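> Just passing along the structure, written as structure tokens.
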Amino acid sequence: MSNYKVADIGLAKAGRKAIEIAENEMPGLMSLRKTQGKTKPLAGSRISGCLHMTVQTAVLIETLVDLGAEVRWCSSDIFSTQDEAAAAIAATGISVFAWKGETEEEYEWCIKQTLIFPDKQPLNMILDDGADLTKLVHKQYPELLNGIKGISEQTTTGVQVLNAMVRDGILAFPAIDINDSVTKSKFDNLYGCRESIVDGIRRATHIMLAGSVAMVAGFGDVGKGCAQALRGSGCRVLVTEIDPIVAMQAAMEGYEVLTAHHAAVKANLVITTTACTSVIDGSILELLPDNAVVCNMGQFDTEIDVSWLKATALKKTTIRPQVDSYLLPNGKHILVLADGHLVNLGCAKGHPSFVMSTSFTNQVLAQIELWTNNQDCKNYKKGKLYTLPKYLDEEVARLHLDHLGVELTKLTPKQSKYLGIPVNGPFKSDRYRY
Amino acid sequence: MSTMEEQHSMELRPLSPRCDVAAKANDQHVSQELEEKRRQLRRQISKNRRLFSRGLSVSRLDSIESTASVDSTEQISFVEDKKVRKKRSMSRSVSASSADSFSSASYSSSEDEDDVSPREKSQSNSKGFSDFCIRNIKHADFGRREIEIAEQEMPALTDLRRRAQADKPLSGAKIVGCTHISAQSAVLIETLTALGAKVRWCACNIYSTQNEVAAALAEAGYSVFAWKGEEEEDFWWCIEKCITSDGWHPNMILDDGGDLTHSIIKKYPTIFRGMKGIVEESVTGVHRLYQLAKTAKLSIPAMNVNDSVTKQKFDNLYSCRESILDGLKRTTDIMFGGKQVVVCGYGEVGKGVCSALRGLGSVVYVTEIDPICALQACMDGIRVVRLNEVVRSGDVFITCTGNKNVISRESLDRMKSGAIVCNMGHSNTEIDVASLKTNDLTWEKVRSQVDHIIWPDGKRVVLLAEGRLLNLSCSTVPSFVLSITHCTQALALIELFNAPEGRYKQDVYLLPKKMDEYVASLHLATFDAHLTELSDDQAKYLGLNKSGPFKPNYYRY
């Protein structure tokens, strides 16, 4: 197995500079290095990571290593790698297999490279984003399953996959769903997308958002963030939803809730955020106005039916990398960004570092929990999915407050007794929704 | 202030309170007597009000009344009464959620009959039914109009009536209810009977009853025991009347605050054990239920409606977002743009409050104890500070914490003159109002629910609703939001009543998600919102049922 495979190792210097800047914005991870770097809680762990190889992930990787782990890394999407970050990590001697613009076959190849460590040692922990690595090991390397202590999963879609595996009784080890930590889904998914959706669209196209009509499919955390950002830029936003509670939230925020076919005739910008499949199919694509821009903010590329486009279009023109124009038989053009893959990573630089710090701090804590706090699978059982306890969630938030100049109020002993809450938290019940 | 007084007295002198007595205004003697009686009644009301607000001794009360300002303030509220009456004659255009119903204890109708407690009156409706106790059955027509208007904004309940009327899912249910009695909850009550239930109802708050709505319910044959301005003793008497009556064996409880549940457990434990379940609405009541469950004293299942998504994320968030502005405007008429507003707490209520005020150009600061909520505030562009950093510069202070003594006397001492202080939390202990009832401070009533507290050096702080929940005291809650809440309660009752044996044990449960989603779907038509349906393929891919539930229980919305 080769040591690494990246686009251009020469980019390592530029990557290092970018990493240094990111470190300034990731107080959670840097704090963990400071407090736990000496005790090396992850010593002995061999983590296979499958998560977008970006500058922020580089800071995560180096934090894991600082805490004693050995890691091998690949990206969780074919377009999301930032080549200079991959190069910088490879230059430190970490085995990373990722470049921007992989093929599907190369993508799978990269995952496979992460499984066996030097001296033929197999992985014993997984850090996953979309559950592709977990699925692959279960399907193609079942002999390795016994040696794996656990997996921490990053994203909604991946949790869906894991839930299905738990239901079918095939998940071979304990899993921690960090997506459903409050400090992840209510920050990364919401605020991260709020900042990166417009970034992705602007870097890829020249459309004016003010006055445009955007159809946002799905109004979950990602949909909420996207809708808010687009409205803030002057778009008129239409929402489609299957869930009545979420549809009502959209209505309360003043968005029109339509079905996709009704929205499509008006929308010159379409964004999918559903984690579902075939949300924008041929029948909807045909209704869109000429030169409509279609893109996706969900983890997988199944939301927009790009294969229908490829089969049906009379012509495909690549305007620039990750921006393709399809001419339909009805004479209209559709502009597809990042081939239906995540547009914020495919066409821009993903989420801002600060919000990735809250997510990744959860990841590191989850890895530490599974590695050090699970003797004989007592706390986290095989084949089950857990979330981090609330006091850790609150700890993640705490680590990020100084950076924003926050002065937290402290409960007096009297107030603490009145509320029945310890002075240092946890402050909310598990039912609380934030 | 004094010119205003003069103006008011100029306007008032020739007039007397009631239109029908106006004819006798020429008779000086009669109008003087009446004037004196009204003054006595108002003093009595103020006294009653103050007796029930915590921490105030009777001696303090006397010194308030002895200040010269009493007369002028009485005159101000007098003018209000007149305005109120005028509005009511045009009532069709004024919705049930108008200021009149909730605004203040100086609301006209209750005063006129104040001389006799409803318990000492025997009234009966037009059909001779008399098993109720309310202020005045003659106001039933006004109440009915208000209920009809509320129905227009509460499509879900009317829809529910239509859909379930054939099945009558609550037939056999005998519900004892203890909630606020308003036009909106009247719609709920009538829905429950349309679904087959029999009910007896009382109020969960001594001031919140809309008398004319209670009258309308009594007229329609409901056993309702509630009036605005109950005394503490009346409150418990009303609850008693709902629990016990000849031939009445209640089997379900709908509670708001836990007082009804508490009464039944204490005094009628056998009745309690024979019931099918409790539906509890408020944070406080839910808290009490969880405590009972922990000490194994809860012998029947309970539904916690407060923590359903549709309640938490809609009632707490959106209704506060709308009513904070309403409450502040009606009481103080301040300009929101450019004000420095300090919001204590960034939970659901805090989020709604901040969002509304920022929308109108206020500069908002948040204080928080919870790092996660603090981080959320930051992400929304709001500075998170400690109270002592902004206490001197803040123009408006709003508490929404659920905690007590968030704003202490010390903070109030340091606020600038003219600062406005109010509370959006359920309990009235968030602002330490008791600490303001000392001899060095003077209280001056500006208008109903608005008090100036004056320091010896002349500095004034404006306190709203005496630190009580602002939106219920000084404004209203949009009917639509109440529709969501009441619909959830109705469905919780249906669920508990019809659940097969053993599904619910002696514990506190959350509403099943499917019901939560059903409540939401009943409201979508109002917005002309069209829900997308999953294809079979998509449903399989997601591992979901096409008709829901669509999200796991841990999803936070």
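> Go through B:G502, B:G548, B:G467 for me and flag whichever is farther than 28 Å from B:R330 by Cβ, outside the structural domain of B:P301 (by the TED database) and either open to solvent by 50 Å² or more (accessible area, probe 1.4 Å) or not basic (K, R) (or both).
B:G548
> Here's another thing I want to ask about it. Could you tell me whether A:Y391 is aromatic (F, W, Y) and part of a loop (DSSP other than H, G, I, E, B)?
No; evaluated as a whole, the condition is false for this residue.
> Does A:T361 fit the bill of being in contact with a helix residue (DSSP H, G or I) (Cβ under 8 Å, 6 or more places away or on another chain), in a loop (DSSP other than H, G, I, E, B) and within 14 Å of chain B (Cβ to nearest Cβ)?
So A:T361 does not fit the description; no.
> Taking B:A525 as meeting all but one of (1) in the same structural domain as B:L254 (by the TED database); (2) open to solvent by less than 40 Å² (accessible area, probe 1.4 Å), write down the number of the exception.
(2)
> Another question about this same structure. Test B:T429 against the stated conditions and say whether it is touching a residue at least 60 places away in the same chain (Cβ under 8 Å), touching a helix residue (DSSP H, G or I) at 6+ places or on another chain (Cβ under 9 Å) and among the polar types (S, T, N, Q).
Taking the combined requirement at face value, the residue satisfies it.
> Restricting attention to the range B:245-286, report how many residues are closer than 19 Å to B:Y504 by Cα, open to solvent by 60 Å² or more (accessible area, probe 1.4 Å) and assigned to a helix (DSSP H, G or I).
1
> Every residue in the range A:242-286 that is within 11 Å of chain B (Cβ to nearest Cβ) and either basic (K, R) or at positive phi (or both), please.
Within the range A:242-286, A:G254, A:A275, A:S278 qualify.
> Give me the pairs: first residue in the range B:394-409 and over 23 Å from B:T284 (Cα atoms), second residue assigned to a loop (DSSP other than H, G, I, E, B), beta-carbon distance under 6 Å, and six or more apart or on different chains, which are they?
Close Cβ pairs (under 6 Å, with a partner that is assigned to a loop (DSSP other than H, G, I, E, B)) amount to B:D395/B:K339; B:V396/B:K339; B:R409/B:D432.
> Would you mind finding the one in A:G234, A:G192, A:G223, A:G211 that is over 30 Å from A:Y380 (Cβ atoms), in contact (Cβ under 8 Å) with a residue 12 or more places away in the chain and part of a helix (DSSP H, G or I)?
Criteria check complete, one pass: A:G223.
> If you don't mind, there's one more thing I want to ask. Considering only the range B:210-233, I want to know if a residue exists there that is more than 25 Å from the chain's Cα centre (by Cα), among the acidic types (D, E) and not in a helix (DSSP H, G or I).
no
> Further question: Could you check the range A:369-388 and list, in sequence order, the residues that are in a loop (DSSP other than H, G, I, E, B) and not hydrophobic (A, V, I, L, M, F, W, C)?
A:N373, A:N374, A:K378, A:N379, A:Y380, A:K381, A:K382, A:G383, A:K384, A:T387
> Identify the residue in the range B:527-550 that is farther than 19 Å from A:F300 by Cβ and charged (D, E, K, R) and, among all such residues, is farthest from the chain's Cα centre (by Cα).
Per the criteria, the residue is B:D536.
> Output the number of residues of the range A:108-139 satisfying the condition of being touching a helix residue (DSSP H, G or I) at 6+ places or on another chain (Cβ under 8 Å), part of a helix (DSSP H, G or I) and not β-branched (V, I, T).
7
> Please list, ordered by first then second residue, the pairs with beta carbon atoms under 9 Å, 6 or more apart or interchain, first in the range A:309-331 and under 17 Å from A:I280 (Cβ atoms), second open to solvent by 80 Å² or more (accessible area, probe 1.4 Å) and of a type in the set (A, V, I, L, M).
A:S325/A:I319; A:Y326/A:L314; A:L328/A:L314
> Look through the range A:226-241, keep the residues that are surrounded by 24 or more Cβ atoms within 10 Å (Cβ to Cβ) and under 21 Å from B:V309 (Cβ atoms), and return whichever of them is farthest from the other protein chains (Cβ to nearest Cβ).
For the range A:226-241, the residue satisfying everything is A:A227.
> Output the residues belonging to the range B:303-336 that are in a loop (DSSP other than H, G, I, E, B), within 14 Å of chain A (Cβ to nearest Cβ) and without any contact (Cβ under 8 Å) to a residue 40 or more places away in the chain.
Result: B:N306, single match.
> Right, here's the next one. Just to be sure, is B:S308 open to solvent by 10 Å² or more (accessible area, probe 1.4 Å) and among the small types (G, A, S)?
Judged against the criteria, B:S308 is not a match.
> Condition first: of a type in the set (S, T, Y) and assigned to a loop (DSSP other than H, G, I, E, B). Now tell me which residues in the range A:81-107 satisfy that.
Within the range A:81-107, A:T81, A:T92, A:T103 meet the criteria.
> Please verify whether the range A:367-374 includes one or more residues that are touching a strand residue (DSSP E or B) at 6+ places or on another chain (Cβ under 7 Å), away from chain B (no Cβ under 12 Å) and of a type in the set (D, E).
Yes, that holds for at least one residue.
> Being touching a strand residue (DSSP E or B) at 6+ places or on another chain (Cβ under 6 Å), within 9 Å of chain B (Cβ to nearest Cβ) and within 30 Å of A:Q160 (Cβ to Cβ) is the filter here; which residues of the range A:386-412 pass it?
Listed by number, the list holds a single entry, A:T387.
> Quick test for you: out of B:Q165, B:Q123, B:Q184, pick the one residue that is open to solvent by less than 20 Å² (accessible area, probe 1.4 Å) and among the polar types (S, T, N, Q).
B:Q184
> Here's a follow-up. Considering only residues that are in a loop (DSSP other than H, G, I, E, B) and open to solvent by 40 Å² or more (accessible area, probe 1.4 Å), look in the range B:505-519 and name the one that is nearest to B:R556 (Cα to Cα).
Top of the filtered list is B:P512.
> Which residue is nearest to the chain's Cα centre (by Cα), if the candidates are limited to the range A:413-434 and must be open to solvent by 70 Å² or more (accessible area, probe 1.4 Å) and at the interface with chain B (Cβ under 7 Å from one of its Cβ atoms)?
A:R431
> Inspect all residues belonging to the range B:287-302 and state whether any of them is within 9 Å of chain A (Cβ to nearest Cβ) and either within 17 Å of B:H486 (Cβ to Cβ) or among the charged types (D, E, K, R) (or both).
No, that holds for no residue.
> To continue, here is another question. From the list A:A348, A:A338, pick out the single residue that is away from chain B (no Cβ under 14 Å), at pLDDT below 95 and open to solvent by less than 30 Å² (accessible area, probe 1.4 Å).
A:A348
> Would you mind stating whether A:S76 is part of a loop (DSSP other than H, G, I, E, B), touching a Leu at 6+ places or on another chain (Cβ under 6 Å) and under 24 Å from A:K149 (Cβ atoms)?
Taking the combined requirement at face value, the residue satisfies it.
> Mind counting the residues in the range B:303-346 that are out of contact with any helix residue (DSSP H, G or I) (no Cβ under 9 Å at 6 or more places or on another chain) and closer than 21 Å to B:P512 by Cα?
Total satisfying the criteria: 0.
The values are calculated or read from the model by the stated rules, or taken from the named source; none is laboratory data. Since this is a predicted model, take the numbers as computed values, not measurements. Virtual Cβ from ideal backbone geometry, glycine too; neighbours counted across all protein chains shown. Just so you know, the surface numbers come from the protein's heavy atoms only, side chains and all, with ligands and any DNA or RNA stripped out. Shrake-Rupley method; radii C 1.70, N 1.55, O 1.52, S 1.80 Å.
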